[in-house]
Every structure is written in structure tokens, then in C-alpha cells.
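Report on the following structure.
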Amino acid sequence: MSSRDSAAGLAASATALVASVVGMVRAKLVALVTAPKRFAVMVQRAIYDVRTGKRSTWDVAKSVLMTLFGLAMVLVLLFPLFWITTASLAEGSRLFNTSGIFPDPSTYNLGAYRWVIFESDFFFVDGDWGYPQLVLGGAEGLVSFRWAGTETGPGAVFNSLYIVSVTLAAGFGMIVPAAYAFSRRQFVGRKRILYGYVLFTQIGAGLSIATLVALYSLFSTYGLTNNLFVLGLFYAAGAIPFNTWLLKTYMDNIPVSYEEAAMVDGASFLDTIREVILPLTKPGLAVVLIFVWLAGWNEFIIAQTLLRPENYPLSVELYNIATEGRFSTPWTRFAAFANLFALPVAIVYFAAQRSVEDGLSFGGMEG
């Protein structure tokens, strides 16, 4: 395949992704606009069912009560998000004022967001742009990342995206083949390895914290500290056990007869994986994508321990904002930074929402 064909393929993939996101946003807006009409139809149908005897008044009352209870739970769960958003728009540096927990709407402004984007280390340090560069070999390890063309380096968002990219690439490179092997193959030591995966699934996070000092000593000995690539590999290693089990469970529900039918039609082993297994596993892959992304995006303790300030990701920078004030914390800036920090995760989840919901159900297929 020529470079022109590769570029055309990438452009087509990007166009399809943008079209998918636009279609999802359009569907959400249409659903929001038509919600009052659908509610009115639902009320009319309930009245008709009561009059015709299909449903009793008590059945309708129970439905109304359960709906109100569900709405109340949603409001309770969304309250912290609403509060932190209003705080990010507030004037000053406090989360609430003397008149109540919410700031005065007349004082709302985007000053905190302007500070995060243009003055903090969110995008670029000290306003220097530069460009990313991968370095093979050298004093910092086998593969390292640096920001060329500037003396300060990139902002925290680029560090976080680089770590997540390595985590996703390394994680999926191990999770997908391992899940398929555990689901479809019988080999020596299979059960022992599965039990080992269960062990690391249950206590992996605890080991990461309990052995933090030993981990730092090991990385320092081999010169692997302050290396975003190695940190991404470490996060991927921590995410592999649980997500391999998760994807294996989903693959177990795909009938083997699908693969056999593809091979009878002349498909090779790799063609069967690419054309049968991966498309049918798409909901499970979406769930794994979310979990592996979070493994590299949210982690804080190890990143703060192994990295120097110029390579801090967003999670560490968010903590630094909360602790930088000697006598007080700039909570409005903290709230704005927190919202922007959570935004990529929300975008990834909503883009894969339908697949995630299907993947968490596990068992929608029958042979």
C-alpha cells in the first residue's frame, strides 16, 4: 500500500469518526427536543390504559413514584458535578458564599477557565509551544519523549495523552490476544495462569501502593524514572489482568460456529479474527477501552513519585493547584481545571456509550 493510500485511509477513518460523533450529538439533541412530546404521549397512553382497564390506577401510581425516585437519584448523583461547574464560574476563589452554597449567577465569568488555558501548565508551560519528539535510546531509556523547540516542555495535557496512548497501545496489544487464547484455546497451565490473573485483579492496586518505595528504587536503578513511555507501560501492565478477564468473559459468549463457518468459506485464521471476532467483540472492546483509558488518565500517586515537574500529567497538576496556596486554595481555578480534566473521559464515554451499555450486559448472544 502506498503512502497516498495510507493517508487516504486515515482521512476516511477520521471522517467516519467525526461523522459518528456528529450523528451521536444530533441524536441526543433530537431526543432532548422531542422529550416533551414523548412525555405527553406517555401520559395520554397511561390515561387510556386506565380507562380501558389495561392498567389499574395503582400500577400507574407505582410507575410515577418509581420515575420520581429515579429522577431524585439522578439529581443527587449529578449534584457534585453541578456544584463544581457553578464554582468554576464563580467570582473570587471560594466554592460558596455567605448567602448559600451556590454563587450568585450574576457574577458568573470565565476567568478561571482563561487562567487554566492561558496561564497554567494545562496546555503549554510558560506559553512555549514547541513540538513533540520521540527519542530512541539515550540516557533516559530505550524510548523516551521530549518536547523540542522549547526549554520548558509541553503542558500537562500532552503528557497525559502520551501516557494514555502508550497505555492503550500496550494494553490492547496484550489484552485482545490473551483474552482470545483463554477463551478459545486449551494449553498447559491455562487454569494456573487464569488464577494468577484473578490474584492480580484483586490485589494489584494494593501492591502498587504497598511497594511504592521498592518500585521507585527499581526504576531509579535502571534509569527509568521521569520516563512517560515506561510509566505508560506500567499502567498497561496493571490494567491487563482485570480487562483480560472482562474481554474473555465476553468472547465466551460468541459461538465457535461463527469461526468455523468463516474458515469453511476459506477465511484464514487472521481473517477470522479481523472479520468475525473483533466486530462481534466491539461492545466488550468499548468497555475495555474505557477502563484502560482511566488506568492511564486518572492515576496520581505513582506519577507524582516517578516523574519530575516538567513531565507531570493532569492528575498531578490538579493536586498541585489544590496545594499551591500557602493559606488558601484557589477553588474556582481548581474547579475549572477539574472540569477540563474530566472532559476527555466524558467524550470517550459518550462516543462509545451504546457499545459500553451492550458490553456490560455480556450474554446478549446465543449460539
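Can you find a residue that is touching a Ser or Thr at 6+ places or on another chain (Cβ under 9 Å) and of a type in the set (Phe, Trp, Tyr) anywhere in the range 256-274? Scanning the range 256-274 turns up at least one residue that is touching a Ser or Thr at 6+ places or on another chain (Cβ under 9 Å) and of a type in the set (Phe, Trp, Tyr).
Just one of (1) of a type in the set (S, T, N, Q); (2) modelled with pLDDT under 85; (3) open to solvent by less than 60 Å² (accessible area, probe 1.4 Å) fails for Gln202. It is (3). Would you mind stating whether Val276 is within 16 Å of the chain's Cα centre (by Cα), aliphatic (A, V, I, L, M) and assigned to a helix (DSSP H, G or I)? Considered against the rule, which asks whether it is within 16 Å of the chain's Cα centre (by Cα), aliphatic (A, V, I, L, M) and assigned to a helix (DSSP H, G or I), Val276 comes out as no. If you check Ala338, Ala346 for being at pLDDT 85 or above and either surrounded by 16 or more Cβ atoms within 10 Å (Cβ to Cβ) or assigned to a helix (DSSP H, G or I) (or both), only one passes: Ala338.
The values are calculated or read from the model by the stated rules, or taken from the named source; none is laboratory data. Remember, predicted model here, so these are calculated numbers, not experimental data. Because the Cβ atoms are built from the backbone with ideal geometry, glycine has one as well, and the counts that use them run over all protein chains shown. The area values use the complete protein model at the heavy-atom level, side chains included, leaving out ligands, DNA and RNA. Shrake-Rupley method; radii C 1.70, N 1.55, O 1.52, S 1.80 Å.
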